[in-house]
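Heads up: the structure comes next, in structure tokens.
The values are calculated or read from the model by the stated rules, or taken from the named source; none is laboratory data. Quantities reported herein were computed from a predicted structural model and do not represent experimental measurements. A quick note on method: Cβ atoms are made from the backbone with ideal geometry, for glycine too, and the neighbour counts reach across all protein chains shown. Accessible surface is based on the protein model in full, side chains and every heavy atom, while ligands, DNA and RNA are left aside. Shrake-Rupley method; radii C 1.70, N 1.55, O 1.52, S 1.80 Å.
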Amino acid sequence: MKFAVNDKNLRIEVSHSGEKAFCPGCNSIVIGNKGEVKDKYWRHKAKECDSWYEPTTLWHLSWQNYFPLKNQEVILKDPENNVLHRADIQLGNGLVIEVQNSPIKPEEI
Ligand SMILES: [Zn+2]
């Protein structure tokens with residue numbers, strides 16, 4: 001996860017490993033990770049709340065970065081079951097773009 005929220009409810013990226021913030025979806029505690037091999041990211045301290053979550057790669061982040069920050073990693077709620085998911089990209093007109101670099105079944109799409 002690229003973004004978390006701080007105690008002022010501001011959307012933030014990881015500044016250092018071990019940093020604590022909150023998941024913008026479920027509001028649980030997330031821990032910042034910043035290494036030399038992988039880019040910086042947030043992980044849930046307990047259970048990941050997005051059942052569709054997959055680890056983010058630099059390839060994935062580089063595609064997201066073609067879009068403004070406000071359009072990246074947008075929290076959406078499935079109106080049928082109230083389950084939260086993070087859209088890789090959501091445009092101003094509501095269109096969602098999923099960045100996918102591995103096989104996916106048509107029913108998952
Ligand atoms: Zn969460």
Quiz item: Which one of the conditions (1) over 12 Å from the mean Cα position of the chain (by Cα); (2) small (Gly, Ala, Ser); (3) closer than 19 Å to Val83 by Cα does Ala4 fail to meet, given that it meets all the rest?
Solution: (1)
Quiz item: Can you find a residue in region 95-107 that is within 16 Å of the ligand (Cβ to nearest atom), open to solvent by less than 50 Å² (accessible area, probe 1.4 Å) and either in contact with a Ser or Thr (Cβ under 7 Å, 6 or more places away or on another chain) or in a loop (DSSP other than H, G, I, E, B) (or both)?
Solution: no
Quiz item: What residue, among those in region 17-47 that are under 21 Å from His85 (Cβ atoms), open to solvent by 50 Å² or more (accessible area, probe 1.4 Å) and not aliphatic (A, V, I, L, M), is farthest from the ligand (Cβ to nearest atom)?
Solution: Tyr41
Quiz item: In region 1-16, which residues are open to solvent by 70 Å² or more (accessible area, probe 1.4 Å), under 24 Å from Lys77 (Cβ atoms) and in a loop (DSSP other than H, G, I, E, B)?
Solution: Asp7, Lys8, Asn9, Leu10
Quiz prompt | Residues satisfying the stated conditions in region 56-76, i.e. part of a strand (DSSP E or B) and among the polar types (S, T, N, Q) | solution = Gln72
Quiz item: Checking Asp78 against (1) within 16 Å of the ligand (Cβ to nearest atom); (2) exposed (fewer than 13 other Cβ atoms within 10 Å of the Cβ); (3) under 13 Å from the mean Cα position of the chain (by Cα), which single condition isn't satisfied?
Solution: (3)
